[in-house]
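Taking it in order: structure first as structure tokens, then the write-up.
Quick note: the coordinates plus some simple rules give every number you see, no bench work behind them. Keep in mind that this is a model prediction, so the values were computed, not measured. Note that we place each Cβ from the backbone using ideal geometry, even for glycine, and neighbour counts take in every protein chain shown.
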Amino acid sequence: MADLKVPRLNRVLIAGRITKDLELKYTPKGTAVVNFSVAMDKRYKDDSDQWQSSSIFLDVVAWNQQAETICKMASKGTAILVEGRIDVRSYVDQNNNNRKVFEIIADYIQTLEWKPRDGSGDNQEAPLPQEPPQSSGETTNDDVPF
């Protein structure tokens, strides 16, 4: 049988809301890192053909400048878009059980809304645009924008 060439593809793209306040940490070598979870809603039809919803929580890890930036721009509840790759970590817990953790290592994070963490900034609602003045229905050359 011929060797099957399988592409090495490990990409994930998720959108959801951050589930807790972000805590920026640094490794002993000074590398910035932040771990957080993203909650996403999932809708499905149950056995009685009724729509149900549930939440999925995925762990995300951001490193370096990406970690520092997201901690400045986002907090609990912020809607974000994360692009990255899935990674698996293994460890032995305190009860001597082998555990695996599946995480998304973020390559790109985009906030879908902006909320300053320190409470500064203008959080007032923007005024609604005013309706244009009523015209008489006549169009002159002065009204044409070109």
Legend entry - Burial ordering of Ile56, Ile104, fewest other beta-carbon atoms within 10 Å first: Ile56, Ile104
Legend entry - Where a label projected 7 Å from the Cα of Thr31 along Cα→Cβ would reach, residues of region 56-70 with amide N under 17 Å: 60-69
Inset, instruction - Can you figure out the FRET efficiency of Asp87 with Lys20, using R₀ = 25 Å and their beta-carbon distance, to the nearest 0.05? - result: 0.75
Legend entry - Residue-wise HN-Hα coupling along region 85-98, computed from phi with Karplus coefficients 6.51, -1.76, 1.60 (Hz; x: Gly, Pro): 9, 8, 10, 10, 10, 10, 7, 10, 7, 5, 9, 6, 9, 6
Legend entry - Taking Glu103, Glu23 and counting other C-beta atoms within 10 Å, the order from fewest to most: Glu23, Glu103
Inset, instruction - Label region 2-71 by shape, choosing from rounded, prolate and oblate, from the square roots a ≥ b ≥ c of the eigenvalues of the Cα gyration tensor; if a/c is under 1.5 it is rounded, and otherwise prolate applies when a/b is larger than b/c, oblate when it is not. - result: oblate
Legend entry - region 40-106 shape via C-alpha gyration tensor axes, a/c threshold 1.5: oblate
Legend entry - Karplus 3J(HN,Hα) series, Hz, for region 70-77 with 6.51 cos²θ - 1.76 cosθ + 1.60 (x for Gly, Pro): 5, 5, 7, 9, 9, 8, 3, x
Inset, instruction - Mind checking which of Val61, Ile18, Met40 is farthest towards the positive end of region 1-69's charge dipole, using Cβ charges of +1 (Lys, Arg) and -1 (Asp, Glu) about the Cα centre? - result: Val61
